[in-house]
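**Q** Dumping the structure here so I can ask a few things about it.
Each value in this text was obtained by applying a stated rule to the coordinates, not by laboratory testing. Worth saying up front: this structure is predicted, and the values here are computed from it rather than measured. We place every Cβ from the backbone using ideal geometry, glycine too, and count neighbours over all the protein chains shown.
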Amino acid sequence: MFTDAIQKLEDAILSSDEPIQQLRMLDQLTDQLIYTDNTKAKFAIHQMEVLLKNHKEPEIFLSYLLKAGVIHNQDYDYELAESKFTAAIEILEISGDAKEQLEGYIDFVGVCINLDKLEIARHYIAKARRILRDFPDKKLRARLLCREAGVYLKEENYDKALSLFHKAQKRFDKAEALDTKDYYFQTVIQSGLGNIFEHNGDVKKSVRAYTSVVDLCEKNDIKGRLSWHYLLAGLGYIALENYEVAKSFFEKSIIIKDDSSVAAKAGAYANAGFCLFEQGDIKNALEKYNTAEKIYDQQEKKDLPNLFYLQLWKAEAYLKLDKNQKRLDSLLKAFEYAKASESNKLLAIMYQSIAAYYAEQENFEMAYRYQLMHANHNEEYQQEVKARKITELQIKYDAQSKEQESELLRLESKKLQLKALRAQMNPHFIHNALNSIQGYISSNEKENAAKYLAQFASLIRKSLYYSDIESLSLEDEVEFLKEYLDINKKLRYSDQMTFVVKVDDELEEDLVCLPSMIVQPYVENALEHGIRTRSDGRLLVEFIYHTEDTLKCIVEDNGIGRVKAGEIQAKGGYHEQHKSMGTSITQKRLDVLKSSLNSPDLSVETIDLYDKQTGNAMGTRVELILPVVDFKLK
């Protein structure tokens, strides 16, 4: 049925002469082929690219970029995959919905891991986590855990990687209606587990994991990278000395056509030759070795370690066939590869092989010299192994420290957020507002009483809700501030104040998100300490684009200034219970955000305004540099 659907689509594309219709059908076709037939998928994505040059279809263009990124990643062209995803994410962050953004981030993290760009990978993992908090999805959560594990695996933090791979697999086991992409991610999990078990010397578990990958691929027709999966399964069976089964996997690796990896094919030929050698079929083993060597030689970048081992294997085969000159030639080639690699491990193995060769020739002086050289390089190699283990432990320690620090910062931020809630609403404002509403009720002004009671209840409800979430869209922040200022104007200042809340045209207030309730304490401070004693108080709140990751917020009043306000407060002229705790707590919140977001630009600057001619105070201006912590999703 699956093949029939693909054939129908292909026939329909060929018979259509409508470019837009062709684009839509090609988009559907790549959906079907992306993990099952990389060769056809590449052709289909190329056809989409050609058609899109003359026919601008934004939705299809985004789909093309995302799928092209996955296909090029599968095809080992990581730089091209990165460029496609970078372009796609730019669009996604403006117009994508939650699921599209999540899938884009998760797929891009896979490319970043392949390119060793682990900090970028972590950045997008964090963004994906934030989306999942608001839009939970079991399968996408499992995929994200899989990518997180991949980052730790790349850093050789095997314990953490193992834990996350297991968590991801458990989530897939509990999920329903898995699709091909979900099964693909399960191959990534099992392949990662195989790598970890292999590193820990648990050969049987490693083999089970690698064969599990092969089973998943064969059962779900996932052909991308299948040559590698067959190769890894075969290597596992070599470790178990089951050469016949190993050989069958290598043969499959050789004949599979959808995986374009030259290195996998070369490795399969070489290891198939090793199996034949172990089974006593020396001539056929040499044929496989020679084929592998030809494939390795075609590669732009020489795979020195594999070429080295291949020459050693050839030398052993020639020894069995009494072809001493060819054996010597292979040993000399191996020596050249070992020297070029500058690897102490390879040089140690090489010098031991040369020492054995001279010992066979009864040239014990040369054998002794090379044995000493072997000992020296082997000692250096062992030191490298120890240093690597220390580095591995350091990585684990650093990762744990970073996680603990991040969690402490998150908890500190949450604690300050709750403190800010308690401090942000001046109790006297609440008292005065309720008194004013009671006044409307007493004087039988039912409409005003109902209106302001509803507005006041809405404000309190929003305050409680917003204080419990970490980020808030600029649009919601502005709406809350306007509502807050309007109630103050009507119920606290009896219309004896004016205010303006402005937003820079460059800011998309429905998309950009700030830390929730972070501006209100400064607005409250301006009302209480700036314009409370004035009959013509004016307040400006303005949001201005600053950088891609920050914006500037200005809170400016025409009040009595900080010096005069301080004098009045010192005389007890202000309510003693309200001490503007909100601003000091918010400053601490910004300090925590500065650390947790690694954003040194965040700041608060308070500027006293004076009349240039008289020198009299004209008010106060507070400039805040705030982080754009997220983007609101559809």
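**Q** Grab the DSSP H runs of the chain that are 4 residues or longer, score each as -39,500 (n - 2.57), total them, divide by all residues and round the 222 nm result to the nearest 500 deg cm²/dmol. List each step's numbers first, then the result.
**A** Numbers: 25 runs with 442 residues, N = 634.
The per-residue figure over the chain is -23500 deg cm²/dmol.
**Q** In addition: Put a dot 7 Å past each Cα toward the Cβ at Lys339 and Asp486; how far apart are the dots in nm?
**A** So the label points at Asp486 and Lys339 sit 8.4 nm apart.
**Q** Rounded to the nearest 20 Debye, what is the dipole magnitude of the stretch 425-631 about its Cα centre when Lys and Arg each give +1 and Asp and Glu each give -1 at the C-beta? Don't skip to the end; give the middle numbers.
**A** On the way: 22 positive and 34 negative charges, 254 e Å.
Computed charge dipole of the stretch 425-631: roughly 1220 debye.
**Q** What dipole magnitude, in Debye to the nearest 20, does the stretch 60-174 give about its Cα centre under +1 on Lys/Arg Cβ and -1 on Asp/Glu Cβ?
**A** Numbers: 20 positive and 19 negative charges, 151 e Å.
In total the dipole reaches around 720 debye.
**Q** Between Lys326 and Arg562, what is the label-to-label distance in nm when each label sits 7 Å out along the Cα-to-Cβ direction?
**A** Spacing of the two 7 Å Cα→Cβ label points: 8.8 nm.
**Q** Which one, (i) 85, 68, 56; (ii) 114, 69, 47; (iii) 97, 95, 48, gives Cα extents along the principal axes in Å as derived from the coordinates shown?
**A** Among (i) 85, 68, 56; (ii) 114, 69, 47; (iii) 97, 95, 48, the one calculated here is (ii).
**Q** What whole number of Å gives the distance from the Cα centroid of the stretch 451-523 to the Cα centroid of the stretch 183-198?
**A** Cα centroid to Cα centroid, the span is 49 Å.
**Q** Taking 0.36 nm per intervening residue step and subtracting the Cα-Cα distance, what contour gain separates Glu300 from Glu241 on full extension?
**A** Numbers: separation 59, 0.36 × 59 = 21.24 nm, distance 3.30 nm.
That works out to 17.9 nm of additional length.
**Q** Follow-up. Just order 125-134, 331-340, 37-46, 512-521 by mean Cβ neighbour count inside 10 Å, highest at the front, would you?
**A** Details: 125-134: 16.3, 331-340: 18.3, 37-46: 19.9, 512-521: 23.7.
In descending order of packing, they fall as 512-521, 37-46, 331-340, 125-134.
**Q** Can you find, among Tyr152, Ala239, Thr211, the residue sitting farthest towards the positive end of the charge dipole of the stretch 115-239, where Lys and Arg contribute +1 and Asp and Glu -1 at Cβ?
**A** Tyr152
**Q** Would you mind putting 266-274, 80-88, 168-176 in packing order, based on average other-beta-carbon counts within 10 Å, highest first? Let's see the in-between values first.
**A** Details: 266-274: 26.6, 80-88: 20.1, 168-176: 15.1.
Descending packing order for the listed peptides: 266-274, 80-88, 168-176.
**Q** Let me ask another. What order do you get for 140-147, 22-29, 52-59, 542-549 when each peptide is scored by the mean count of other beta carbon atoms within 10 Å, highest first?
**A** Highest mean packing first, the order is 140-147, 22-29, 542-549, 52-59.
**Q** What's the extension gain from Glu251 to Ser595 if we count 0.36 nm per residue and subtract their Cα-Cα distance?
**A** Result: 118.4 nm gained on full extension.
**Q** Give the separation of the Cα centroids, the stretch 324-392 to the stretch 240-295, in Å.
**A** Centre-to-centre (Cα) distance: 25 Å.
**Q** A follow-up question, please. Can you tell me the dipole magnitude for the chain around its Cα centre, using point charges on the Cβ only (Lys, Arg +1; Asp, Glu -1), in Debye to the nearest 20? Mind showing how you got there, number by number?
**A** On the way: 85 positive and 101 negative charges, 326 e Å.
Computed about the Cα centre, the dipole is about 1560 debye.
**Q** Which pairs in the list Lys451/Lys482; Lys247/Lys326; Lys301/Lys339; Lys67/Lys167 are over 19 Å apart, alpha-carbon to alpha-carbon? Don't skip to the end; give the middle numbers.
**A** On the way: Lys451/Lys482 16 Å; Lys247/Lys326 26 Å; Lys301/Lys339 16 Å; Lys67/Lys167 27 Å.
Cα-Cα > 19 Å for Lys247/Lys326; Lys67/Lys167; rest within.
**Q** Something else: Say the dipole of the stretch 425-631 comes from +1 at the beta carbon of Lys and Arg and -1 at that of Asp and Glu; which of Gln587, Leu514, Val629 then lies farthest toward its positive end?
**A** With unit charges placed on the Cβ atoms, the residue in question is Gln587.
**Q** Put a dot 7 Å past each Cα toward the Cβ at Lys389 and Val604; how far apart are the dots in nm?
**A** Distance between the two pseudo-spin positions: 5.2 nm.
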